[in-house]
Amino acid sequence: MSNTDSFIEEVTEEVRRDRLFALMRRYGWIAVLLVIAIVGAAAANEVRKNNARDAAQKSGDAIIAAVSSSDTEARVAALSELKTDSPDAQIVSDMLLAAHQIELGEGAHAAATLEGISTSGLDMPEIYRQIAAFKSVLAEGQDTPVAERRLALESLAAPGAPLALLAREQLALLTLEEGDAEGAIAQLQDLIQDAAVTAGLRSRASQLIVALGGTPAQTNGLALGQ
């Protein structure tokens, strides 16, 4: 019985082995393709990472070289011509360009640069567009009619917008620019009572209210400007 059982087990094992080899001959190429695909994907991913790293380094070096001059005009010229392979690097480059244009007193050029960022088709976080649009309005200054600046700021001051509070502060300043001190105070009072207002913004708004002859609104018995 023992020999018979052993023989049966050997035969069964041999049959299993033959079936396994048959399956490997029939479907083994699928496993090979899977291995090749996995290795190829890993290699492609590594190449993509290396290319992205090289592009980022190249863009960073180009920006550093562009702003290395001690002359602001030279920096503006270099940054104006700089085109990077990285969308993020291009945003940084254009932001720096606008800052140096403002430094040279070229508010209109800076506004155009910033407007280009906000309306660009580049793939970027929405906050970058918002910041560029906000800075563009500030760069325009009084060279642009109040009505146009107000329209731009009102879109940025929409509830939930990331720069809503800063835009509301600028809207109050526009109201003051138009000679409506009472209207500006009312806007600033609303601003300092917003639950999301920062301490710095609250302080600025409160000081302006006082300068305009008003008294900052109070919460819990304390002046918000304090």
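The values are calculated or read from the model by the stated rules, or taken from the named source; none is laboratory data. Small disclaimer: the values here were computed from a predicted structure and weren't measured. Neighbour counts run over all protein chains shown; Cβ positions are idealised from the backbone, glycine included. For accessibility, only protein heavy atoms count, side chains too; no ligands or nucleic acids. Shrake-Rupley method; radii C 1.70, N 1.55, O 1.52, S 1.80 Å.
The mean of 1/r over all pairs of different alpha-carbon atoms in the stretch 129-175, once inverted, gives a Kirkwood hydrodynamic radius of 10.3 Å. So what's the gap between the Cα centers of the stretch 183-219 and the stretch 32-105, to the nearest angstrom? Cα centres, the stretch 183-219 to the stretch 32-105: 42 Å.
Within the assembled protein chains, the solvent-accessible surface assigned to residue 94 is about 30 Å², based on a 1.4 Å probe. Of the whole protein surface, residue 35 contributes about 90 Å² of accessible area at a 1.4 Å probe radius.
Under 19 Å between alpha carbons, and skipping anything fewer than 8 positions from residue 49 in its own chain: which lysines qualify? Qualifying lysines at Cα under 19 Å: 58. Legend: calculated FRET efficiency, residue 61 to residue 126, from the Cβ-Cβ distance at R0 = 22 Å, rounded to 0.05, equals 0.15. Kirkwood radius, the stretch 103-221, all distinct C-alpha pairs, inverse of mean reciprocal distance: 15.2 Å. Ligands, DNA and RNA excluded, the heavy atoms of residue 16 present near 150 Å² of accessible surface to a 1.4 Å solvent probe. Taking 0.36 nm per residue of separation and subtracting the Cα-Cα distance, full extension of the segment from residue 193 to residue 17 would add 55.3 nm. The reciprocal of the average 1/r between distinct C-alpha atoms defines the Kirkwood hydrodynamic radius, which for the stretch 30-149 equals 16.5 Å.
Once the Cβ-Cβ distance of residue 108 and residue 43 is raised to the sixth power relative to R0 = 45 Å, the FRET efficiency obtained is 0.35.
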